[in-house]
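Have a look at the structure below, then the notes.
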Amino acid sequence: MTGPGVLAGLSVVTLAPNLPGPLAAAALRDDGARVVKVEPPGGDPLMALSAGWYADLHRGVEVRTLDLKTDVGQAELRALLAGADLLLTSSRPSALARLGLSPAALDADFPHLCRVRIVGDTRDPETPGHDLTYQAAAGLLDPVNPAMPRTLLADVLGGREAYAAALALLLGRERGSAERERVVGLGDAARFASAPLRYGLTAPGGLLSGAQATYRLYRTADGWVAAAPLEAHFVGRWTATLGPDAERTLAGHPTAHWVDVAAREDLPLVAVTETEGPWGD
């Protein structure tokens, strides 16, 4: 981002630890908002889970340690909220109510304040859960041969949805809307992401399930490639390049060879590779 950012001059207070809240807050920061993160005396669990990711998401974020169960902590929080444009939370409704942060209380005390509440699931926001349980409930894990997901889909998508909700509220307020609160559910995010499965695209036998030759994984001489020549012009080029038995042809040469062929022939094919990252942070 160059320049001050579209949210310059706006202030965000976040009480949301773990992952979805920091992801949303970091996106708002990147758009120019001033972000103040309030953490309890024990800190954010994300720090222990991934110190490197925590540091990246909190770059440029003002972190304050407050005990909101004390009068002093409550007073400091209320002072922050008095000057804030947006409050981001990720606690259960009952916990927020105990802190004096129920929707009714916030409407009365801070009518100008927009709020995004991240909850586990809007169907039952008091039930505990985490990304793994939301993905499992949404049908995103194979019930026959289950494996741990390679990404925290509900958390990541929920963070982006919280960011979008924040932008909608802030824009609406500027245009005179009375709406001040939106609720984002992580279970809802997982169900949203399961739509390709529910509508049959990625279900067994579906067009994008790997059952079709034009959208699947292929073994090479030394690894795997992902190929997706779905459109007619790609299909013609795919057949002309690989012949009638693509599986056998691809198995005859190493992955690097086929990546080069794909670049030369303008085919949607890439190597299946391991994610690079700071594994030990």
Checklist outcome for this item: Taking segment 192-228 and the residues there that are under 20 Å from Gly243 (Cα atoms) and in contact with a Gly (Cβ under 9 Å, 6 or more places away or on another chain), the one that is least open to solvent (accessible area, probe 1.4 Å) would be Thr220
Next on the checklist: Being touching a residue at least 60 places away in the same chain (Cβ under 8 Å), outside any helix (DSSP H, G or I), more than 16 Å from Arg34 (Cβ to Cβ) and not polar (S, T, N, Q) is the requirement here; does Asp121 meet it?
Outcome noted: yes
Item to check | Number of positions in segment 44-61 that are acidic (Asp, Glu) and open to solvent by 20 Å² or more (accessible area, probe 1.4 Å) | outcome: 1
Item to check | Matching residues in segment 1-28 - criterion: being among the hydroxyl-bearing types (Ser, Thr, Tyr) and outside any loop (DSSP other than H, G, I, E, B) | outcome: Ser11, Thr14
Checklist outcome for this item: For segment 69-99, the count of residues that are outside any helix (DSSP H, G or I) and open to solvent by less than 30 Å² (accessible area, probe 1.4 Å) equals 6
Checklist entry - Which of the residues belonging to segment 116-169 are of a type in the set (Asp, Glu), out of contact with any strand residue (DSSP E or B) (no Cβ under 9 Å at 6 or more places or on another chain) and closer than 20 Å to Arg198 by Cβ? => result Asp131, Asp142
Checklist entry - Does segment 135-153 contain at least one residue that is in a loop (DSSP other than H, G, I, E, B), open to solvent by 40 Å² or more (accessible area, probe 1.4 Å), free of Cβ contacts under 8 Å to residues at least 40 places away in the same chain and closer than 27 Å to Val13 by Cβ? => result no
Checklist outcome for this item: Counting only residues that are open to solvent by 80 Å² or more (accessible area, probe 1.4 Å) and in a helix (DSSP H, G or I), segment 233-262 contains a total of 5
Checklist entry - In segment 175-191, which residues are assigned to a strand (DSSP E or B) and either open to solvent by 40 Å² or more (accessible area, probe 1.4 Å) or on the phi > 0 side of the Ramachandran plot (or both)? => result Glu181, Arg182, Val183
Item to check | Criterion (over 30 Å from Ala48 (Cβ atoms), over 25 Å from the mean Cα position of the chain (by Cα) and among the hydroxyl-bearing types (Ser, Thr, Tyr)) met by exactly one of Ser177, Ser209 | outcome: Ser177
Checklist outcome for this item: Of the residues in segment 100-118, those that are open to solvent by less than 10 Å² (accessible area, probe 1.4 Å) and part of a helix (DSSP H, G or I) come to Leu106
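The values are calculated or read from the model by the stated rules, or taken from the named source; none is laboratory data. Note that the structure is predicted; figures quoted are calculated from it, not measured. Neighbour counts are summed over all protein chains in view; Cβ atoms, including those assigned to glycine, are modelled from backbone coordinates with ideal geometry. In case anyone asks, the SASA skips ligands and DNA or RNA and just uses the protein heavy atoms, side chains included. Shrake-Rupley method; radii C 1.70, N 1.55, O 1.52, S 1.80 Å.
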